[in-house]
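The values are calculated or read from the model by the stated rules, or taken from the named source; none is laboratory data. Every value quoted in this text rests on a predicted model; they were computed, and no experiment measured them. For neighbour counting, all protein chains shown are included, and Cβ atoms are generated from backbone atoms with ideal geometry for every residue, glycine included. For accessibility, only protein heavy atoms count, side chains too; no ligands or nucleic acids. Shrake-Rupley method; radii C 1.70, N 1.55, O 1.52, S 1.80 Å.
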Amino acid sequence: MADVSSAAYEEAMALHEQLNYHSHQYYVLDDPVIPDAEYDRLMRRLQELEAQHPSLKTVDSPTQRVGGAPLSGFKTVVHDVPMLSLDNAFSDEELLDFNRRITDRLKSKEPLTYVCEPKLDGVAVSLLYLDGLLVRGATRGDGATGEDITENVRTIHSIPLKLQTSLPPSVLEVRGEIYLPLAGFEKLNDEARKVGEKLFVNPRNAAAGSLRQLDSKITATRPLEMAAYSLGQMKGVDQPQTHFETLMLLKRWGFLVNPHVEVADNIESCLSYYAKMADIRDQLPCDIDGIVYKVNDLALQQRLGFVARAPRWAIARKFPAQEEMTQLLDVEFQVGRTGVVTPVARLAPVFVGGVTVSNATLHNQDEVTRLGIKVGDTVIVRRAGDVIPKVVSVVLEKRPANARDIVFPDHCPVCHSPVERVEGEAVTRCSGGLICSAQRKEAIKHFASRKALDIEGLGDKLVEQLVDQGLVSSVDDLYHLQLEQLAGLERMGPKSAQNLLSALSASRETTLPRFLYSLGIREVGEATARSLAHHFGSLESLCSSTLEELREVSDVGPVVAHFVHEFFQQPNNLEVISRLRQAGVRWSDIEVQDQQSLPLSGETWVLTGAMESMGRAEAKEKLQHLGAKVAGSVSVKTSCVVIGADAGSKLTKAKELGIRLLDEAAFIELLRAHGEL
C-alpha cells in the first residue's frame with residue numbers, strides 16, 4: 001500500500017472496526033449504541049479515505065455492502081460438502097417414530113438430546129470463509145451445485161464480511177437461511193404499490209427474488225437477514241462436540257443465530273417446544289413453517305450418517321400450511337362503517353393456517369386489477385394466525401374458459417346510493433351516509449365494541465335486528481330502548497333484555513379516550529384517541545382546535561388531523577354527541593400534562609401472563625397514563641416486563657436479555673405509588 005500513509009491506514013482500520021461493531025449491534029443484536037446519523041458519518045469518512053487511497057478498499061471493507069457492478073449471469077458453484085434436504089414429520093406420531101428409529105439404530109436406552117430450531121421460510125445458502133474473510137456465497141441449488149451469489153450476500157448486514165475472532169479457521173463453510181422479516185416485506189410491497197410495480201406474493205418469494213438480482217445494488221436495498229444454522233466444513237481449529245455449542249461459536253464469530261433455538265433433553269420436550277412455537281408463531285418477526293430437530297451430539301450424528309439425500313439425525317416437523325390453492329366461486333360486495341365498499345371472495349372451502357376458509361378479502365378495485373383475477377379462477381389463499389385470509393395470486397394455467405370479470409357496482413349494494421372514489425384514495429365509498437343501513441350497523445357495532453363503550457351483550461346479530469326493525473338509527477337511540485322492545489326480538493327474553501339494559505346503563509360512565517374512539521372518526525384508533533384526549537384534556541378543547549393545533553399531537557399527521565377537524569365541523573356529528581350527553585353518557589376531563597414529565601416517559605413495557613387484580617387492558621391503560629409505551633413482544637429495547645401467572649416465552653426471553661422484571665405485587669405497588677390505584 002505504497003499510496004497510503006500510516007495515518008490513513010490506521011484511521012481506515014479503526015473505521016473498519018467501529019463500523020463492523022456498530023453494524024453487528026444494530027443488525028444482529030438489535031441493540032444500537034449510536035444514532036444512524038453518526039453511523040452514516042463514519043461510513044462517509046471511510047468512503048472518502050478509500051476514494052483518496054484505492055488500495056484501502058479491501059474485500060472485507062464495510063463500504064462493500066452497497067453492491068458492485070451488475071453481473072451478466074451467475075456462475076455455478078460445486079458444493080464440497082453436499083447441502084442435503086430434510087425428511088418431514090407431519091404429526092406427533094411421526095416425530096416419535098423418528099426418535100424410535102434412531103434410538104434403535106444407536107442401540108441406546110438413554111433419551112437423546114436434540115436441538116430445536118424454528119424452520120425459517122427463506123432461501124438456504126452456503127458461505128465460505130478463508131482465514132476469516134468471506135470469499136463466496138452460494139445458493140443450495142440441487143444440493144450438489146448452486147449459484148454464486150457472493151456480491152449479493154455481501155450486501156446483507158447480518159452476514160459478517162470478516163469473522164470476529166483473532167484465530168479464525170483456515171476454512172469455514174457456514175450454512176444458513178436468508179429471509180425477509182415481515183416488516184421489511186410489507187415495506188417492500190408498499191413501495192412497489194406506490195409506483196405500480198408487481199408485488200411479491202410472500203416473504204420467501206421476495207427473499208429469493210432479491211438474491212437472484214444480477215445487480216447487487218438492488219439487493220442492497222432489500223432488508224434481508226441471514227440466520228446461521230449449521231456448518232458445512234471447518235478446518236484449522238477444533239470443532240465443538242455438540243451442535244448447540246457450534247451455534248454458540250458461530251454467534252461469537254458474528255453470525256445471527258435464531259434467538260428461539262433451545263436444547264431438548266428428550267423427545268417429549270421436542271413435542272412441547274413445537275406446541276410453544278406454534279402458539280407464538282404469529283408474533284414472530286419472520287415467517288417460520290415448522291421446527292427442525294437435530295441430534296445434539298456431533299459424534300452421534302456421524303454414527304447415524306445419511307440415507308439417500310437426507311441425514312438420519314435430523315427431521316423437520318411442519319406447521320399447517322399458511323397458503324393453499326382453491327377456486328374463486330363468486331365475489332360479493334360489503335359496506336363498512338365508513339362507507340367503504342369491499343369486495344369479498346367466496347371460495348371453495350379450503351383448510352389453511354389451521355382453519356377452514358371460505359371467504360377472503362380482495363381489498364379494493366386496484367387489488368383486483370393488480371391480481372388480474374376473475375370469477376372461476378384457481379387462486380392461492382394465505383392466512384397467518386388471526387390475520388384475515390387474503391387472495392395473494394392467481395394460477396393462470398388453471399383459468400377456465402367461462403371465467404368472468406369482476407365488475408364493481410356503481411351503486412351501493414345496500415342502499416343503492418351512488419358510489420364514489422375520491423381522487424388519491426384506493427377505496428370506493430357509498431355516498432349514502434346514515435341513510436345506508438350497513439353504515440349505521442357498522443357504526444353501532446364499533447360504538448359498542450370492547451375498546452369503545454364496551455356494551456356487553458350487544459352483538460352483531462342483535463345490532464342488525466335493531467336497525468332492520470327501525471328501533472335504532474343512531475348510536476344515541478341505544479339509550480332509549482325499552483324492555484318490551486328488546487324482549488320481543490329474536491332470541492331475546494326478558495332476562496337477556498334486562499341484562500342488555502343494565503350493560504347500556506353501565507356504559508354511560510366512560511373515559512374521554514374511549515368515547516373518542518367510539519365515535520369512529522376515520523384513522524383514529526385506540527392509541528390516537530388516547531393521544532388526542534391527553535393532549536387536549538376535554539372534548540370542548542378538541543372540538544374547537546385548529547388543524548395546526550391538531551398536528552402538534554404526537555402521533556397525528558396531516559391526514560389524521562384533517563379527518564378529526566372535518567369530523568368536528570359537521571353539525572350532524574355534534575348533534576349526535578349532544579344527544580349522547582343528554583342520554584347520560586359522561587366522562588371526566590383529563591388534566592393536561594407534559595408527556596415528557598410523566599414517570600415512565602420514554603420507556604417500553606411488556607405485559608405477560610394473567611393477573612388476578614386486573615385485566616391486561618386495564619394494566620396497559622394505567623401504564624400508558626404514566627407515559628409508557630406498551631409493546632406486545634420483548635426486545636432489547638424493552639424497559640420492564642410485568643409477570644402474571646403462567647408467563648411463557650416472553651418471560652424466558654426477558655431473562656435471557658437481562659431485562660427488569662416485576663411480579664404482580666410489585667406492579668400494583670408501583671401503580672399505587674404513582675396514584676393510579
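Going by what's in this entry, would PHE563 be described as of a type outside the set (Val, Ile, Thr), over 30 Å from GLN25 (Cβ atoms), touching a helix residue (DSSP H, G or I) at 6+ places or on another chain (Cβ under 6 Å) and assigned to a helix (DSSP H, G or I)? Against the criterion (of a type outside the set (Val, Ile, Thr), over 30 Å from GLN25 (Cβ atoms), touching a helix residue (DSSP H, G or I) at 6+ places or on another chain (Cβ under 6 Å) and assigned to a helix (DSSP H, G or I)), PHE563 does not qualify.
What about LEU199, is it under 34 Å from the mean Cα position of the chain (by Cα) and modelled with pLDDT of 95 or more? Spelling it out, it is not the case that LEU199 is under 34 Å from the mean Cα position of the chain (by Cα) and modelled with pLDDT of 95 or more. Read through the list (1) open to solvent by less than 30 Å² (accessible area, probe 1.4 Å); (2) more than 25 Å from ALA275 (Cα to Cα); (3) under 24 Å from the mean Cα position of the chain (by Cα), then give the number of the only condition that LEU600 fails. So LEU600 meets the others, but not (3). Screening the candidates THR113, THR103 for the property of being of a type outside the set (Lys, Arg) and without any contact (Cβ under 8 Å) to a residue 24 or more places away in the chain yields one hit, THR103. When the residues of the range 410-434 are filtered to those that are in contact with a strand residue (DSSP E or B) (Cβ under 8 Å, 6 or more places away or on another chain) and open to solvent by less than 40 Å² (accessible area, probe 1.4 Å), the one that is nearest to HIS363 (Cα to Cα) is VAL427. For the range 441-474, a tally of residues being open to solvent by 20 Å² or more (accessible area, probe 1.4 Å), under 25 Å from GLN498 (Cβ atoms) and part of a helix (DSSP H, G or I) returns 8. Across the range 153-183, the qualifying residues are those that are closer than 19 Å to ALA228 by Cβ and within 17 Å of the chain's Cα centre (by Cα), and the one among them that is surrounded by the most Cβ atoms within 10 Å (Cβ to Cβ) is LEU180.
For the range 331-354, the criterion of being surrounded by fewer than 17 Cβ atoms within 10 Å (Cβ to Cβ) and among the basic types (Lys, Arg) is met by at least one residue.
A search for C-beta distances below 6 Å between a residue of the range 232-249 that is farther than 21 Å from VAL263 by Cβ and any residue that is exposed (fewer than 14 other Cβ atoms within 10 Å of the Cβ), counting only pairs 6+ apart in sequence or on different chains, returns GLY232/VAL81; GLN233/VAL81; LYS235/SER170; GLY236/SER170. Within the option set GLY146, GLY141, GLY137, being under 29 Å from PRO203 (Cα atoms) and open to solvent by 10 Å² or more (accessible area, probe 1.4 Å) holds for one residue only, GLY141. Do we find a residue being under 22 Å from SER538 (Cα atoms) and surrounded by 14 or more Cβ atoms within 10 Å (Cβ to Cβ) anywhere in the range 613-621? Yes: the range 613-621 contains one or more residues that are under 22 Å from SER538 (Cα atoms) and surrounded by 14 or more Cβ atoms within 10 Å (Cβ to Cβ). Checked against the criterion of being at positive phi, in contact with a strand residue (DSSP E or B) (Cβ under 6 Å, 6 or more places away or on another chain) and modelled with pLDDT under 90, the candidates GLY339, GLY354 yield just one match: GLY339. Of all residues in the range 626-644, none are surrounded by fewer than 19 Cβ atoms within 10 Å (Cβ to Cβ) and in a helix (DSSP H, G or I). Each residue in the range 317-330 was checked for being in a strand (DSSP E or B) and surrounded by 20 or more Cβ atoms within 10 Å (Cβ to Cβ), and 3 pass. Filter the range 656-667 down to residues that are farther than 12 Å from THR638 by Cβ and in a helix (DSSP H, G or I) and give me whichever is most open to solvent (accessible area, probe 1.4 Å). Restricting to residues being farther than 12 Å from THR638 by Cβ and in a helix (DSSP H, G or I), the top hit is ALA665. With respect to the numbered conditions (1) touching a residue at least 40 places away in the same chain (Cβ under 8 Å); (2) part of a helix (DSSP H, G or I); (3) over 18 Å from the mean Cα position of the chain (by Cα), which one is the sole condition not fulfilled by VAL292? Of everything listed in (1) touching a residue at least 40 places away in the same chain (Cβ under 8 Å); (2) part of a helix (DSSP H, G or I); (3) over 18 Å from the mean Cα position of the chain (by Cα), VAL292 misses just condition (2). Just one of (1) open to solvent by 50 Å² or more (accessible area, probe 1.4 Å); (2) more than 30 Å from ALA183 (Cα to Cα) fails for TYR229. It is (2).
Scanning the range 208-223 for residues that are in contact with a helix residue (DSSP H, G or I) (Cβ under 6 Å, 6 or more places away or on another chain) and open to solvent by less than 30 Å² (accessible area, probe 1.4 Å) yields SER210, LEU211, SER216, THR219.
With respect to (1) loosely packed, with under 15 Cβ neighbours inside 10 Å; (2) of a type outside the set (Gly, Ala, Ser); (3) in contact (Cβ under 8 Å) with a residue 12 or more places away in the chain; (4) within 30 Å of ASP477 (Cβ to Cβ), the lone exception for GLU540 is condition (3). Just so you know, in the range 491-527 the residues that are part of a helix (DSSP H, G or I), open to solvent by 20 Å² or more (accessible area, probe 1.4 Å) and among the polar types (S, T, N, Q) include one that is nearest to PRO558 (Cα to Cα), and it is SER505.
Scanning the range 184-207 for residues that are among the aliphatic types (A, V, I, L, M) and open to solvent by 30 Å² or more (accessible area, probe 1.4 Å) gives VAL195, VAL201.
Please verify whether LEU130 is open to solvent by 50 Å² or more (accessible area, probe 1.4 Å) and modelled with pLDDT of 95 or more, treating the condition exactly as stated. Yes: the conditions hold for LEU130.
Would you please list the contacts, defined by Cβ atoms under 7 Å and residues six or more apart or on different chains, that run from a residue in the range 252-273 that is closer than 28 Å to SER158 by Cα and open to solvent by 40 Å² or more (accessible area, probe 1.4 Å) to a residue that is of a type in the set (A, V, I, L, M) and assigned to a helix (DSSP H, G or I)? Within 7 Å, the pairs are HIS260/MET277.
A quick yes/no check of all residues on (1) open to solvent by 60 Å² or more (accessible area, probe 1.4 Å); (2) outside any loop (DSSP other than H, G, I, E, B); (3) not charged (D, E, K, R):
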| position | (1), (2), (3) |
| --- | --- |
| ASP80 | yes, no, no |
| SER85 | no, no, yes |
| LEU95 | no, yes, yes |
| ILE102 | no, yes, yes |
| ARG105 | yes, yes, no |
| SER108 | no, no, yes |
| PRO111 | yes, no, yes |
| GLU117 | no, yes, no |
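The set of residues in the range 361-392 being open to solvent by less than 20 Å² (accessible area, probe 1.4 Å), within 18 Å of ASN202 (Cα to Cα) and small (Gly, Ala, Ser) consists of GLY385 alone.
Within the range 250-283, if we keep just the residues that are among the small types (Gly, Ala, Ser) and in a helix (DSSP H, G or I), the residue that is nearest to the chain's Cα centre (by Cα) turns out to be ALA278.
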